[in-house]
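*Asks:* Handing you a structure now.
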Amino acid sequence: MSRQLCIHGHFYQPPREDPWMGEIFPEDSAAPSLNWNQRITRESYAPLAWARRTDSGGCITDILNCYEWISFNAGPTLLGWMERNDYPTYQRMVDADRVSIARWGHGNAMAQVYHHTILPLASAQDKKLEIAWARADFRARFGREPEGMWLAECAADTATLEELARQGILFTILSPHQAAAVAESGPDDRQEHWQPVRGGEMDISEPYNIELPSGRSIAVFFYNGPLSQAVAFERLLQDGENFWLKLSGAANGGLLTVCTDGETYGHHFTFGEMALAYTLGQAISGRDNMRLTNYATYLTQNPPTRKVRLHEPSAWSCAHGVERWRSNCGCTDGGHPQWNQEWRTPLREALNMMKKAVDAHTTAEAALFKDSAAALEKYGEILAGSVPREAFAADHFTPGLTPEATKKAWQLLAMQEQALAAFASCAWFFDEISRIEPVNSMTYALRALEILKGTGGPTLESDFAAILEKARSNKTEEGTGRTVFENHVLPRRETKASIILQAMLRLWAEKRLPCPNIKNTVQWRNLTVTILPTDVVGGSLSGEARIRWANEPDGSPVEWEWMPPKAGTIHETAITITGKDGSRQTLRYTELPRNKRQAIAMRAMEVANTQRLDAFEEDAANAVALFEPWVEAQHDQPMGHHWKANAPALAVAYMKHPGLSDNQRRQLAQFLTDSGLLIGGGREVITNWLTMRLLRFIESASEPDAKDADRQWERAASIVERARTLLPHPDLWAVQNRMWETGFRSAGARRFATAIGFRV
Ligand SMILES: [Zn+2]
């Protein structure tokens, strides 16, 4: 009997973008990474795209794209970020879907509810939008309609499943604990045919059908709960062979399906991706008569013969329906079992109040649209970048709108987007209202309320805060939901002054403060600021600025005055802007929120570092040539501290420099290694340089008409060899990935591939 295996990975990060700037600002707990998306991509999502298989000597024999062999869903909020920030990994995920379609006829990728919203708690309209926007995003990325959709936390009820089915979704995945009763399919629906399911005890080797009141139906796969739990919590990923045996032992006939969080591989368990790659390799080789598949393929070949009724509403991570996302049900995470989650109810109440007001305002302004419901539903295509703005406006805005009214129509759509982002399930998932997740959620709500007010709707901030006051933080110093809102959310709000101040500080950090009458622009994803200084008086600059928001025309000019900071006085720097009515507003650097100050600091350090390395490059090249090997009874370089202070730059020069004698090279490497400066930050400088340089070599040597390709490969290989004398295990990860994709087509390429760790 054939035994089929489908390993599903759920890849998800909540929306983390600042709602004004459209970019993710530094998240402290993810340091040294910039934010959690970057950190988990590095630890999990990227390693899965490039999982190494090695021989007994540690040489790489193969790099497996695990996404080609597992079922996966990755939400729009994560994929959008990944597309902008780690394109090679993103491309591997998209390619994997195409490869799996070619192999099996159906793709590995599944869609996911757009903002990871608990749909049973959402209004009918919001259910529709979350699913429609997810489909639009999926189509733009994978070039096809999704067949399956992952429900946030597997939260389901009849209305949710009806909407999935209505929008053409064929299947979803749930936990067996959500099943209430099963029966054979067929017209006979008498009660006695239904077998109750207790504690998730049921045959899960085949999909089931759910017959919906509308006459539509949707298929459900139930994952193997104990095995999925074991992957997450029982260290199954420590050993690939062990993982394989566990899976093979559990598979009977039909389909065995295991659901895992993408973060399990690498982030929770280091090298978890290698255990997965090993396991996939076993199945690919046909061991134990097991064969890999994905859900859509299996469903086509094995349509359900049984039907199921669910506990409603239900979700995989709450034993009390969907209470975890609105009350103190006892289900929690975050490591403080003595805390309570009474705050969940007022948080949801405040957000619901906001969403109701936003919806009422959209309805009141419906005359701006030909059909406001249709415009909202199709707005997902604007978010996905698959339809031009002008075409969208022509299709959905009432003909003949004034520029002001057109702007308002766009703002109303953006308001809905921010309002929906506030409902990402993570806001309630953990144990405390002052955590980053609820704070982010309230920030999206604040932005929605701001647009509501700015477009002629009611002013509801104080009502919102009043509801939040009913929420108590578990930390005495944080007070109530209201104080969390006032202390952590309100300071994030952007004003003209704060935006122009940040633009100035960015120009300052990048050492490109403009001269009088020369324009300079600073860009964030959601807005562009144009700065035009017109006057310098005693070191103080003044001029005008324009802010342009995405989808909107240029704003009117704002007059500003600014004194660029002198050494050590940045905390005193302030901008003064003059309003149209002549009113003046001054904003100090210290009044910017912490994450935005950090972004400025980060940029300043980055620029300073690059400039320092660039400036020292020539001197460092001469310095390594001047380096004299030790003579007898010598143990250090004379005035060695001068050399050590420049160790990373010397190391880079050393890797580049082909003309040193063997003795000189050995001694210099020894000296730099002994300095202890090639660990930590120094190591990073070397790794970054090495990666950048080698990627450039690969690029130019593998061009079809490359001149001296073999000599270039040779030089690249010798740089790697020199790098190895400085760092025993240089990080060649990105270089290996690029080389694997390029292929080993010439003798020179094979020689280089060997140097970076491949067995060719
Ligand atoms: Zn619960």
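*Asks:* From the P(r) of region 572-640, could you give the percentage of C-alpha pairs in the tail past 20 Å? Don't jump to the answer; show the numbers that get you there.
*Replies:* Values: 1500 of 2346 pairs.
For region 572-640, the fraction of Cα-Cα distances above 20 Å is 64 percent.
*Asks:* Right, something else. Return the sequence-ordered ³J(HN,Hα) values of region 296-302 in whole Hz as given by the Karplus equation 6.51 cos²θ - 1.76 cosθ + 1.60 applied to θ = phi - 60°, using x for Gly and Pro.
*Replies:* Once θ is set to phi - 60°, the couplings for region 296-302 become 5, 5, 4, 4, 5, 7, 9 Hz.
*Asks:* Each residue of region 393-398 in turn: what ³J(HN,Hα) in whole Hz from Karplus with 6.51, -1.76, 1.60 and θ = phi - 60°, glycine and Pro shown as x?
*Replies:* Karplus-based 3J(HN,Hα) across region 393-398 equals 4, 5, 6, 10, 8, 4 Hz.
*Asks:* Another question, if that's okay. Over region 263-351, what number does the Rg to Rh ratio reach, with both radii from the alpha-carbon atoms and Rh per Kirkwood?
*Replies:* Details: Rg = 20.4 Å, Rh = 17.7 Å.
We get a ratio of 1.15 for region 263-351.
*Asks:* While we're here: For the chain, count the residues as N, evaluate 2.2 N^0.38 Å, and divide the Cα radius of gyration by that value, please. Present the calculation step by step, with values, prior to reporting the outcome.
*Replies:* Details: Rg = 29.2 Å, N = 760, 2.2 N^0.38 = 27.4 Å.
Rounded to two decimals, the normalised Rg is 1.07.
*Asks:* For the residue pair residue 742 and residue 394, what label-to-label distance in nm results when each label sits 7 Å from Cα along the Cα-to-beta-carbon direction?
*Replies:* 4.5 nm
*Asks:* Taking H placed 1.01 Å from N in the peptide plane, check which residues at least 5 places from residue 180 or on another chain put their amide H under 5 Å from its amide H.
*Replies:* Excluding prolines and chain starts, which carry no amide H, the hits are 309, 310, 311.
*Asks:* Can I ask one more? Grab the alpha carbons of region 115-167, take their convex hull, and tell me the volume per residue in Å³. Intermediate results must be reported in sequence, preceding the final value.
*Replies:* Details: hull volume 3.7 nm³, N = 53.
Convex hull volume per residue, Cα atoms: 70 Å³.
*Asks:* What ratio of Cα Rg to 2.2 N^0.38 Å holds for region 638-760?
*Replies:* Details: Rg = 15.1 Å, N = 123, 2.2 N^0.38 = 13.7 Å.
Against the empirical 2.2 N^0.38 Å value, I get 1.10 for region 638-760.
*Asks:* Starting with the highest mean, order 569-575, 43-49, 27-33 by the number of other Cβ atoms within 10 Å, averaged over the residues of each peptide. Don't skip to the end; give the middle numbers.
*Replies:* On the way: 569-575: 16.1, 43-49: 23.9, 27-33: 13.0.
Averaged packing, sorted descending, gives the order 43-49, 569-575, 27-33.
*Asks:* Further, regarding this structure: Once the principal axes of the Cα atoms of region 56-102 are found, what is the range along each, listed largest first in whole angstroms?
*Replies:* 40, 26, 13
*Asks:* Expressed as cubic angstrom per residue, what is the convex hull volume of the alpha carbon set of region 490-633? Before the final figure, lay out each step's value.
*Replies:* Working: hull volume 26.0 nm³, N = 144.
So the per-residue hull volume is 181 Å³.
*Asks:* Using the Karplus equation 6.51 cos²θ - 1.76 cosθ + 1.60 (θ = phi - 60°), what ³J(HN,Hα) coupling, rounded to whole Hz, does each residue of region 568-577 give in order, writing x for Gly and Pro?
*Replies:* x, 10, 4, 5, 9, 5, 8, 10, 10, 10
*Asks:* How much length is gained if the chain between residue 459 and residue 239 is pulled fully straight, taking 0.36 nm per residue apart and subtracting their Cα-Cα distance, in nm to one decimal? Provide the component values of the computation, followed by the final result.
*Replies:* Details: separation 220, 0.36 × 220 = 79.20 nm, distance 5.75 nm.
Extra length from residue 459 to residue 239 when fully extended: 73.4 nm.
*Asks:* Another question, if that's okay. For region 567-717, take the alpha-carbon Rg, divide it by the Kirkwood Rh, and send me Rg/Rh.
*Replies:* On the way: Rg = 22.8 Å, Rh = 19.3 Å.
On the Cα set of region 567-717, Rg over Rh gives 1.18.
*Asks:* Show that you can apply the helix-only estimate: for the chain, add -39,500 (n - 2.57) for every DSSP H stretch of four or more residues, divide by all residues, and state [θ] at 222 nm to the nearest 500. Mind dumping the intermediate values first?
*Replies:* On the way: 27 runs with 334 residues, N = 760.
After summing the helix terms and dividing by residue count, I get -14000 deg cm²/dmol.
*Asks:* I need the calculated FRET efficiency for the pair residue 469 and residue 250, taking r as the beta carbon distance and R₀ as 56 Å, to the nearest 0.05. All intermediate terms of the calculation are to be shown ahead of the outcome.
*Replies:* Details: r = 51 Å, r/R0 = 0.90.
With a Förster radius of 56 Å, E is 0.65.
*Asks:* Moving on to the next point. Give the separation of the Cα centroids, region 603-633 to region 663-711, in Å.
*Replies:* Cα centres, region 603-633 to region 663-711: 14 Å.
*Asks:* Can you compute the radius of gyration and Dmax for region 1-96, using only the Cα atoms, both in Å?
*Replies:* Expressed in Å, the Cα Rg and Dmax of region 1-96 come to 15.8, 57.
*Asks:* May I pose another question? If r is the Cβ-Cβ distance from residue 609 to residue 706 and R0 is 45 Å, what FRET efficiency results, to the nearest 0.05?
*Replies:* On the way: r = 32 Å, r/R0 = 0.71.
Rounded to the nearest 0.05, the efficiency is 0.90.
*Asks:* Taking the highest mean first, how do the peptides 515-528, 86-99 order by number of other beta carbon atoms within 10 angstrom per residue?
*Replies:* On the way: 515-528: 14.6, 86-99: 18.3.
Packing proxy ranking, top to bottom: 86-99, 515-528.
*Asks:* How would you rank 668-674, 122-128, 620-626, 377-383, highest first, on the average number of other Cβ atoms within 10 Å across their residues? Each step should come with its number before you reach the end.
*Replies:* On the way: 668-674: 19.4, 122-128: 17.7, 620-626: 16.0, 377-383: 21.1.
For the peptides 668-674, 122-128, 620-626, 377-383, the packing ranking is 377-383, 668-674, 122-128, 620-626.
*Asks:* For residue 211, which sequence-distant residues (separation of 5 or more, or a different chain) have an amide H within less than 5 Å of its own amide H, given hydrogens modelled in the peptide plane?
*Replies:* 308
*Asks:* Could you pull out the pairs from 511/707; 407/566; 407/580; 127/470 whose alpha carbons sit more than 30 Å apart here? Write out the running numbers ahead of the final one.
*Replies:* Details: 511/707 38 Å; 407/566 40 Å; 407/580 20 Å; 127/470 28 Å.
Pairs exceeding the cut-off: 511/707; 407/566.
*Asks:* Under a point-charge model restricted to the Cβ atoms of Lys and Arg (+1) and Asp and Glu (-1), what is the dipole moment magnitude of the chain relative to its Cα centre, in debye to the nearest 20?
*Replies:* Using Cβ point charges on Lys, Arg, Asp and Glu, the chain gives about 780 debye.
*Asks:* Let me ask something additional. Eigenvalues of the Cα gyration tensor times 5, then square-rooted: what semi-axes does that give for region 684-735, in whole angstrom, largest first?
*Replies:* Working: eigenvalues 93, 27, 10 Å².
Equivalent ellipsoid semi-axes, largest first: 22, 12, 7 Å.
*Asks:* State the percent of C-alpha pairs, over all pairs in region 84-234, separated by a distance greater than 26 angstrom.
*Replies:* 34 percent
*Asks:* Kindly provide log₁₀ I(q)/I(0) values, in the same order as q = 0.14, 0.18 Å⁻¹, from the Debye equation applied to equal alpha-carbon scatterers of region 378-483.
*Replies:* -0.67, -0.92
*Asks:* Now, a different point. Would you pull out the residues with amide H under 5 Å of residue 224's amide H, same chain only if 5 or more places away, H placed 1.01 Å from N?
*Replies:* For residue 224, the qualifying residues are 257, 258, 259.
Every read-out reported here was derived from the displayed coordinates using simple, explicitly stated rules and does not represent laboratory data. Only a predicted model underlies this, so the values are computations on that prediction, with no experimental measurement involved. FYI the Cβ positions are ideal-geometry reconstructions off the backbone, even for glycines, and counts take in every protein chain you see.
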